[in-house]
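Asks: Encoded as structure tokens, here's the structure I'll be asking about.
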Amino acid sequence: MEVLKIATAGSVDDGKSTLIGRLLYDTKSLTTDKLEAIEEKSKANGFDYIDFSLATDGLVAEREQGITIDVAHIYFSTAKKSYIIADTPGHVEYTRNMVTGASTSQAAIILVDARKGVVEQTYRHFFINDLLRVKEIVVAVNKMDLVDYSEEIFSTIIGEFKKIAAKQSFKAQKITFIPISALNGANVVKKSEEMPWFKGLSILDHLEALTPSDKEMKGARFSVQTIIRPKQDEYHDFRGYAGKTMGGDLKVGDQVMVLPSGNCSKIKEIQFYKTSYKIVTAGTSCTITLEDDINVSRGDVLVLADHAPELTKQLTASVCWMDTLPLKVGANYKVQQGTSQILAKVRHIHSRLHTDFSGEEACQELTLNEVGKIDVQLSKPFLKDSFASHKSTGSFILIDPQSNATAGIGFIE
């Protein structure tokens, strides 16, 4: 069954968790005991309605404050599709969590409170989705029940949002506007009787119709996660490379190059457990064997020989900084791409990017939650794919070698 990965975004109290809870409830994805617990907690809190946000806010602090702090991944299925929703925080100080949640998503739902319209956080959330090249954006104008389901207010918000959209750099992005009431379920799973003027689809019907693909433009990448050498007589000479296919398909007989060594061979077999396949599609984990006994190690990447990317020891990238210690010129980090780690030094900080689309400014450092452009010098050759063409190999994380903590996420230009 097809899987769609979604990220939600919105300011505090715009109703992200309530929307997800409503989706789970109306698709009958909540278990009986979970639903009973939510109903009891809602009554205990003095609500005269079911607080669907309790279905997603897992942390005690989230339930106490009624906000989302960490990224929560929620799973549910319909007859057509399976969904993974990254419920991301709305606070400015949790921007790094939003970047994390959106980085692997194929679609995003940006919530706007119908009473407040487009606010500063809306700019920030749209900017991040633009930076991360999320192709499908749903702008869900929530709490329409509190503005008398006004078509005029909905149209005004569309106009405000389109002023932001005119500044986007990712022109292939598709934006869909849907007026909803997450609390009442209007236009979430079922069409709203209160808004007959809206002729579009409900959010679930819209998501069901999406067909985003992990296939990208410049050919397949296969990052080797481990080498399989069974210690059994039956498989005495077996040497397989286990990993995940990204960006395109691979098939038996394809001429592949191993990076960074540059050695070439042909794919001999593609297997998953005991089943063999002639072709493997993007997003599939499998084991590959090669016709030639060449050196392949964990962290190497197999690419189609006629679509091999450039190797480089210098990178220019946009970085979202996630550490409380600022990013400074001269600092050393480990750059991790897939399972490969390379020592690196920050050579230059070009600028700090304004997340309201107002441009960029020169700076000496990047602090927590800021986004900027930097140059990095690497100790070894590094596979250089742009994030626009290959999300998987066009991104990396910066790791603090002292604390081993993730300090930033980078997107190669």
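The values are calculated or read from the model by the stated rules, or taken from the named source; none is laboratory data. Since the structure is predicted, the reported quantities are computational estimates derived from the model, not experimental observations. In this analysis, Cβ positions are derived from the backbone assuming ideal geometry, glycine residues included, and neighbour counts consider all displayed protein chains. We work out accessible area using only protein heavy atoms, side chains counted, and drop any ligands, DNA or RNA first. Shrake-Rupley method; radii C 1.70, N 1.55, O 1.52, S 1.80 Å.
Asks: Over the stretch 146-297, what relative contact order in percent results from Cα pairs under 8 Å that are six or more residues apart? All intermediate terms of the calculation are to be shown ahead of the outcome.
Replies: Details: 217 pairs, mean separation 24.2, N = 152.
The value is 16 percent.
Asks: Report the normalised scattering of the stretch 274-413 as log10 I(q)/I(0) at q = 0.15, 0.20, 0.22 Å⁻¹, calculated by the Debye formula with identical scatterers on the alpha carbons.
Replies: Values, matching the q order: -0.79, -1.21, -1.41.
Asks: Relative to 2.2 N^0.38 Å, what does the C-alpha radius of gyration of the stretch 168-277 come to as a ratio? Two decimals please. Could the numbers behind the result be given before it?
Replies: Numbers: Rg = 23.4 Å, N = 110, 2.2 N^0.38 = 13.1 Å.
Rg over 2.2 N^0.38 Å, computed on Cα atoms: 1.79.
Asks: Using a probe radius of 1.4 Å on heavy atoms only, what accessible surface per residue do you get for the chain? Whole Å² is fine.
Replies: Numbers: 19330 Å² over 413 residues.
That works out to 47 Å² for each residue.
Asks: Straight-line reach from Lys313: which lysines have a Cα under 24 Å away, not including same-chain ones fewer than 8 places off?
Replies: Straight-distance partners of Lys313: Lys218, Lys328, Lys334, Lys345, Lys373, Lys380, Lys384, Lys391.
Asks: Now, a different point. Given an 8 Å cut-off on Cα distances and at least 6 residues of separation, report the relative contact order of the stretch 169-208 as a percent. Mind dumping the intermediate values first?
Replies: Numbers: 31 pairs, mean separation 12.6, N = 40.
Answer for the stretch 169-208 is 32 percent.
Asks: The stretch 241-332: which GluC sites (Glu not before Pro) are DSSP loop and have at most 16 other beta-carbon atoms within 10 angstrom?
Replies: Glu291
Asks: Now a separate question. Taking square-rooted eigenvalues a ≥ b ≥ c of the alpha carbon gyration tensor, is the stretch 308-357 rounded, prolate or oblate, where a/c under 1.5 means rounded and, failing that, a/b exceeding b/c means prolate? Intermediate results must be reported in sequence, preceding the final value.
Replies: Details: a/c = 1.77, a/b = 1.40, b/c = 1.26.
Prolate is the answer for the stretch 308-357, as a/c is 1.5 or above and a/b outweighs b/c.
Asks: Which of the trypsin sites (Lys or Arg not before Pro) found in the stretch 71-167 are in a DSSP loop and have at most 14 neighbouring Cβ atoms, other than their own, within 10 Å? Each step should come with its number before you reach the end.
Replies: Working: sites: Lys80, Lys81, Arg96, Arg115, Lys116, Arg124, Arg133, Lys135, Lys143, Lys162, Lys163, Lys167; in loops: Lys80, Lys81, Arg115, Lys116, Arg133, Lys135, Lys143, Lys167.
In loop regions of the stretch 71-167 (DSSP not H, G, I, E or B), the sparsely surrounded trypsin sites (Lys or Arg not before Pro) are Lys80, Arg115, Lys116, Lys167.
Asks: Work out the length of the dipole vector of the stretch 216-272 about its Cα centre, built from +1 on the beta-carbon of each Lys and Arg and -1 on the beta-carbon of each Asp and Glu, and round it to the nearest 20 debye. Display every interim value, and only then the final one.
Replies: On the way: 9 positive and 7 negative charges, 37 e Å.
Rounded to the nearest 20 debye, it is 180 debye.
Asks: Plugging the Kirkwood radius over Cα pairs into Stokes-Einstein for the stretch 140-195, at a temperature of 20 °C and a viscosity of 1.002 mPa s, what D comes out in µm²/s? All intermediate terms of the calculation are to be shown ahead of the outcome.
Replies: Values: Rh = 12.2 Å.
Stokes-Einstein gives a translational diffusion coefficient of 175 µm²/s.
Asks: Moving on to the next point. For the stretch 185-195, just list the computed ³J(HN,Hα) in residue order, Karplus coefficients 6.51, -1.76 and 1.60, θ = phi - 60°, integers in Hz, with x standing in for Gly and Pro.
Replies: Karplus-based 3J(HN,Hα) across the stretch 185-195 equals x, 6, 6, 8, 10, 10, 5, 7, 6, 7, 10 Hz.
Asks: Using helices alone, what [θ] at 222 nm do you get for the chain, with -39,500 (n - 2.57) per DSSP H run of 4 or more residues, divided over all residues and rounded to the nearest 500? Numbers along the way, then the final one.
Replies: Numbers: 7 runs with 72 residues, N = 413.
After summing the helix terms and dividing by the residues of the chain, the value is -5000 deg cm²/dmol.
Asks: For Lys190, give me every one of the lysines with a C-alpha distance below 23 angstrom, ignoring sequence neighbours fewer than eight places off in its own chain.
Replies: Lys5, Lys16, Lys28, Lys34, Lys80, Lys81, Lys143, Lys174, Lys199
Asks: Right, here's the next one. Using only the Cα atoms of the stretch 241-335, what semi-axes does the equivalent ellipsoid have when each is the square root of 5 times a gyration tensor eigenvalue? Give whole Å, largest first.
Replies: Square roots of five times the eigenvalues give 32, 16, 12 Å.
Asks: Quick one: plug the Kirkwood hydrodynamic radius of the stretch 116-226 (C-alpha pairs) into Stokes-Einstein at 20 °C, 1.002 mPa s, and report D in µm²/s. Let's see the in-between values first.
Replies: Details: Rh = 15.8 Å.
Translational D for this selection: 136 µm²/s.
Asks: Here's another thing I want to ask about it. Size of the dipole of the chain about the Cα centre, Lys and Arg at +1 and Asp and Glu at -1 on the beta carbon, nothing else charged, in debye to 20? Please report the intermediate quantities before stating the final value.
Replies: Working: 48 positive and 53 negative charges, 251 e Å.
With only Lys, Arg, Asp and Glu charged at Cβ, the dipole is about 1200 debye.
Asks: Using every Cα-Cα pair within the chain, state what percent have a distance larger than 40 Å.
Replies: The calculated P(r) of the chain puts 24 percent of pairs beyond 40 Å.
Asks: Per Stokes-Einstein, at 4 °C and 1.567 mPa s, what whole-number D in µm² s⁻¹ belongs to the stretch 1-43, with the Kirkwood radius over Cα pairs as the hydrodynamic radius?
Replies: Working: Rh = 12.1 Å.
It comes out at roughly 107 µm²/s.
Asks: Compute a Gaussian network model of the chain, connecting alpha carbons closer than 10 Å, and tell me which residue from Met195, Met98, Met322 fluctuates the most.
Replies: Looking only at Met195, Met98, Met322, the largest GNM fluctuation is found for Met195.
Asks: Taking the highest mean first, how do the peptides 391-399, 104-112 order by number of other beta carbon atoms within 10 angstrom per residue? It would help to have the intermediate numbers written out before the result.
Replies: Details: 391-399: 22.4, 104-112: 24.2.
Ranked from most to least packed, the peptides come out as 104-112, 391-399.
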